[in-house]
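See below for the structure under consideration.
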Amino acid sequence: MKSTNHIILSGLLMLMTSSVFAGGGWPTPKGKGYFKLSQYVLQANQYYSPSGEIIDIATAGIYISSIYGEYGLTDRLGVSAYVPFFSRATLNEQVSSSGTLLAEGDAVNSLGDFDISFKYGLIVNKPIVVSASLTLGLPFGNPSGGSTEILQTGDGEFNVMLSLEASRSFNGGKGYINTLLAFNNRSENFSDELRLGIEVGYNIAPKWNAALKVLSVNSLNNGSDLETPANGIFSNNIEYLAITPEVNYSLNERFGVSGSIGFAASGRRVLARPAYSLGVFMKL
Amino acid sequence: MKRIKTYAILLLAGMGLVSCIGTDVVEDIIVEQTVSISQRLETLAVGDSYQFEANFFDEMGEQSSTEITWTSNNEAVMSITTSGLATGVAEGNVWISAMSGAARDSVMVSVGQNTVLAAAERSGSFVGLRDYNVSGNFTLTEDGDNLVLTFSSNFVASRGPGLFVYLSNNATRVTGGVEMGQLMQNSGAQTYTIALTEAQLDTYNHVLIYCRPFGVAFGTGQFDN
């Protein structure tokens, strides 16, 4: 398996569901910030094939420890970063029911791919606020790990994503709606992506906030499976409709805990099992 | 703050508990035992002899050795010993059968004026499965003691993790098949060689492009002859 043939980190992209909506159309005010330590787990023995059919595969695991942070440089301009400081991908060993070892398991540990984003408030202090973001995807992960060299903690490509987010609050600020339109320009012959998203959140009780995030990732199919530096089965032309319920509980004014379950209601070239995320967050 | 540190430590420690490499138990697929006659004889001359051969595949789909019994449905046209040595007796057509238990395979051959063997080459073309892009032509030939699988220059396959080339008697599974090697490149002409002791020209009916780590067939092709 040469370096061009690797396993996928399709599940990783599901993370974008949470980070891409952070703050929505509201830029982080100057001097304010939000930081979150998260653990992400996805174990999948099913996979959406390129035709969208769910098929059984050897169980793949993705485990990521990450820090997400956003900080307001001015009242209109904010910066955020997603830093997966530990990323692990595994592949289960395969044993027949008669006990014969069919294939050994495999694993790789490394950094993951980082994201750095700059958000600028285009329309602020209005009932509907709009912001634009520039996100840089930095390929710090390992695109060909494990003894089989097919495991990935990154896809090996640099990407630039431009996003527009529009948001408004309702019910006296107890709830909010964010919408997202994003174009993800990928390098190395990967297809570009169009992303559409919507998030609805509400303070369901004192200290409790619940949100439902829906993200649709659509490939523009303008890349080439034959020329990407990483494998095509998972990492190029990925498409999915991710639905992610999330619950946040504030321990006090600064700290809280967060949990979410994200799953792909439909997809192509993406793992077909739920991803779980737990985190602790801090507000500045 | 103390409580949040505790949560953070628990979060990080929890990762170690869930991220071990697990074990998938793959259920053995039970299939019918089969016998497959491996032969290139088209016509056998009166008085000539020809040694038929056959392969036996057990209930796991694996090729294994067993006693095979040969019969002719018309001994007046072609006689055959129980070990598969046939002799042309008189001109005509005849069915030759190989049996092992309930498994059976039959081929029709002719007895004529000359012994004619089919060309020692089989060919076919790939089709993609589940929208994976696999296409192009292939040929299988014998070269001395080797079996040689050649992909034509029009071969193309989607990239994937751990793609291997298999000969198999199933269009989508490789159980009981033989691995020809890791896919060398995703496009263009390429050649795979194994010893004839591993498989013969007529042992298998399909060529598969197979993602071995995940157990997914990307493309398949059936021999046309």
Residue set B:T220, B:T191; condition open to solvent by less than 20 Å² (accessible area, probe 1.4 Å), of a type in the set (S, T, N, Q), assigned to a strand (DSSP E or B) and under 15 Å from B:S123 (Cβ atoms); output residue B:T220
Residues located in the range B:170-180, provided they are open to solvent by less than 60 Å² (accessible area, probe 1.4 Å) and more than 12 Å from every other protein chain (Cβ to nearest Cβ) = B:N170, B:A171, B:G176, B:G177, B:V178, B:M180
Of the residues B:L201, B:L167, B:L208, which single one is open to solvent by less than 60 Å² (accessible area, probe 1.4 Å), more than 30 Å from A:I54 (Cβ to Cβ) and either without any contact (Cβ under 8 Å) to a residue 24 or more places away in the chain or within 16 Å of the chain's Cα centre (by Cα) (or both)?
-> B:L201
A:G105 at pLDDT 90 or above, more than 26 Å from A:S216 (Cα to Cα) and of a type in the set (G, A, S) | yes
Tell me which of these B:F155 doesn't satisfy, since it passes every other one: (1) without any contact (Cβ under 8 Å) to a residue 40 or more places away in the chain; (2) in contact with an Asp or Glu (Cβ under 8 Å, 6 or more places away or on another chain).
-> (2)
Say we look at the range A:49-72 and pick out the residues that are more than 10 Å from every other protein chain (Cβ to nearest Cβ) and more than 24 Å from A:G173 (Cα to Cα); which of these is surrounded by the most Cβ atoms within 10 Å (Cβ to Cβ)?
-> A:S66
Those residues that are within 15 Å of B:Q222 (Cα to Cα) and assigned to a loop (DSSP other than H, G, I, E, B), I need them from the range B:165-181; list them, please.
-> B:N169, B:N170, B:A171, B:T172, B:R173, B:V174, B:G177
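Against the condition at positive phi and more than 14 Å from chain B (Cβ to nearest Cβ), how does A:G31 come out, does it pass?
In short, yes.
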Given the conditions (1) farther than 30 Å from A:E53 by Cβ; (2) of a type outside the set (G, A, S); (3) surrounded by 19 or more Cβ atoms within 10 Å (Cβ to Cβ), every one holds for B:N146 apart from (3)
Output the number of the condition that B:L12 fails; it satisfies all remaining conditions of (1) more than 14 Å from every other protein chain (Cβ to nearest Cβ); (2) not polar (S, T, N, Q); (3) not in a loop (DSSP other than H, G, I, E, B).
-> (1)
Test B:F126 against the criterion of being surrounded by fewer than 21 Cβ atoms within 10 Å (Cβ to Cβ), of a type in the set (F, W, Y) and not in a loop (DSSP other than H, G, I, E, B), and give yes or no.
-> no
Could you grab me the full set of residues in the range A:92-102 that are in a strand (DSSP E or B), open to solvent by 40 Å² or more (accessible area, probe 1.4 Å) and within 9 Å of another protein chain (Cβ to nearest Cβ)?
-> A:E93, A:L102
Determine whether the range B:140-152 contains at least one residue that is closer than 30 Å to A:L271 by Cα, part of a strand (DSSP E or B) and either modelled with pLDDT under 95 or within 14 Å of chain A (Cβ to nearest Cβ) (or both).
-> no
If you scan the range A:35-70, which residues turn out to be touching a helix residue (DSSP H, G or I) at 6+ places or on another chain (Cβ under 9 Å) and among the polar types (S, T, N, Q)?
-> A:S38, A:Q39, A:Q43, A:S65, A:S66
With the checklist (1) within 14 Å of chain A (Cβ to nearest Cβ); (2) open to solvent by 50 Å² or more (accessible area, probe 1.4 Å); (3) touching an Asp or Glu at 6+ places or on another chain (Cβ under 8 Å) in hand, flag the one item B:E32 doesn't pass.
-> (1)
Where B:G22 falls short, out of the listed (1) within 10 Å of chain A (Cβ to nearest Cβ); (2) touching a Phe, Trp or Tyr at 6+ places or on another chain (Cβ under 9 Å); (3) at pLDDT 85 or above = (2)
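The values are calculated or read from the model by the stated rules, or taken from the named source; none is laboratory data. If you're wondering where the values come from, they're calculated on a predicted model, not measured in any experiment. So basically every Cβ, Gly included, is an ideal-geometry build from the backbone, and we count neighbours across all protein chains shown. Keep in mind that these areas ignore ligands, DNA and RNA; they rest on the heavy atoms of the full protein, side chains included. Shrake-Rupley method; radii C 1.70, N 1.55, O 1.52, S 1.80 Å.
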